[in-house]
Amino acid sequence: MSPRELVKRIRSLKIEWIAITDHNSMANCDAYEKVALDAGLSFTWGVEIQTAEEVHLLAYFDDPDAARCFDRQLYQSLLPVHNDSAFFGDQAVIDADENILRFEEKALINSSVWDIETCFNEVSAYGGICYPAHVDAPANSILSQLGFVPEMPVFEMYGITAGLDVSSFIDLHPYFRGKALIRSSDAHYLDDLGSGVSHFYIDQPSCREMLLAARGEAERKIEGAYDPGALGFGVENSGSPPAEPNFGIPTK
Amino acid sequence: MIKLDEYVSAVQAVNLTPAIDTTGVEIRGGYVSDMLSDVMGSARAGDAWITIMKHLNVIAVASMTGISVIVFAKSSVPDAAVIDRATSEGICLLSSAKSSFELAGVLYRMLQA
């Protein structure tokens with residue numbers, strides 16, 4: 001997805017806050033951040049990490065420098081497998097003007113050698129927040145890989161897919177009752193943007209505030225998990241981490 | 001049905017839970033999977049479970065499904081916390097250099113014999 005096309009569509013959907021969470025890399029956050037900020041959107045650096053257990057965890061950082069440092073550590077932890085571009089496509093790193101800066105050669109589709117707990121601890125060490133992605137998904141979710149949510153680490157929120165019927169899900173998995181659920185589009189294509197959003201009632205779009213909202217502290221809250229149809233129109237600081245473009249490929 | 005000790009020598013496995021007395025332990029069947037949600041739904045009591053998944057949840061899943069033997073393939077060895085939990089639950093953990101495919105093949109042949 002081209003940053004400009006993405007931002008244009010985000011604006012037309014009246015979404016105010018986005019995050020980009022490519023698979024195992026934040027190499028394109030720089031470009032998307034620049035375009036998003038220029039358009040007056042709030043932007044958070046994010047990444048979808050595939051752990052050793054093949055569980056997808058989302059990580060977000062308020063500080064881009066910390067995010068870059070984390071990204072280098074994460075990159076080192078990825079299995080040394082070469083990307084098969086004929087099968088998976090090129091992994092382009094782009095700038096804000098959609099020029100291709102380089103191609104990432106390591107296969108980002110693979111797992112990190114970090115297990116879930118190591119991942120969580122690494123993200124925390126760099127000041128980020130981390131939670132399981134799409135817990136209701138049949139693949140690469142904490143439930144599909146581990147059967148149930150482990151005792152450790154303690155997550156403060158859980159990602160859900162764009163169209164999930166939360167009440168049926170909670171009937172099946174009562175563990176999630178009362179937990180902070182973050183609905184997001186997990187969009188890989190422009191058309192999927194805005195298919196799932198969450199409304200954050202917070203002071204500013206930051207990970208710190210997101211945590212307060214997840215805990216329901218200081219009058220912060222998260223809404224939207226229960227009504228997938230609702231978009232963030234007119235809601236102060238509503239947002240939708242994460243949009244997930246394909247790895248930086250400018251699309252038509 | 002075969003004896004666990006026979007399987008241990010057949011696949012040259014290392015017993016990671018030596019505190020458990022294996023003399024009476026038997027294997028009735030086998031299951032191979034690394035997705036715990038799948039194991040929870042499909043493995044049967046008495047199965048030996050062959051996997052490379054090393055997360056602590058494997059012990060809970062084994063306990064839930066009545067699996068008393070877990071075989072870690074490709075020389076995988078879980079953390080001490082996992083081994084301790086298995087020992088306290090009475091679940092035998094083995095580690096073998098063989099792949100899941102070979103471990104299952106040997107087990108299948110022995111069970112058929």
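Read the figures in this text as sums done on the coordinates, not as results from a lab. The structure displayed is predicted, hence computed values, not measured ones. Backbone-built Cβ (ideal geometry, glycine too); neighbour counts: all protein chains shown.
Brief remarks on what is shown
- Note on B:Glu26 and A:Asp65: with the Förster distance fixed at 56 Å, the Cβ-Cβ geometry gives a FRET efficiency of about 0.45.
- Within the shell defined by Cβ-Cβ distances under 12 Å, the residues around A:Gln91 carry a net charge of -3, with Lys and Arg each +1 and Asp and Glu each -1.
- Within the range A:1-140, percent of DSSP bridges classed antiparallel, to nearest 5: 75 percent
- Principal axis dimensions, largest first and in whole angstrom, of chain A by Cα: 44, 38, 30
- Counted charge near A:Ile160, where neighbours are those whose Cβ lies closer than 9 Å (Asp, Glu -1; Lys, Arg +1): 0
- Rounded to whole Hz, the Karplus (6.51, -1.76, 1.60) HN-Hα couplings of the range A:15-27, x for glycine and proline: 7, 10, 9, 10, 9, 9, 10, 5, 6, 6, 7, 10, 4
- Residue-count net charge about B:Val61 - beta-carbon cut-off 15 Å; Lys, Arg +1, Asp, Glu -1: -3
- Amide H to amide H, with H built 1.01 Å from N, B:Ala48 comes under 5 Å of B:Arg28, B:Gly29, B:Gly30, B:Tyr31, counting only residues 5 or more places away or on other chains.
- In sequence order, the range A:99-109 has phi-based couplings of 7, 7, 7, 6, 10, 7, 8, 6, 6, 7, 6 Hz under the Karplus curve 6.51 cos²θ - 1.76 cosθ + 1.60, θ = phi - 60°, and Gly or Pro positions carry x.
- Dividing the helix sum by the residues of chain B, where each DSSP H run of 4 or more adds -39500 (n - 2.57), gives a mean residue ellipticity at 222 nm of -11500 deg cm²/dmol.
- Note, ³J(HN,Hα) from phi for the range B:19-29, Karplus 6.51, -1.76, 1.60, rounded to Hz, x at Gly and Pro: 5, 8, 6, 9, 4, x, 7, 10, 10, 9, x
- Centroid-to-centroid separation of the range A:119-139 and the range B:42-113 [C-alpha atoms, Å]: 27 Å
- Residues whose amide H falls under 5 Å from that of A:Leu101, counting only those 5 or more places apart or on a different chain, are A:Val93, A:Ile94, A:Asp95, with hydrogens built in the peptide plane.
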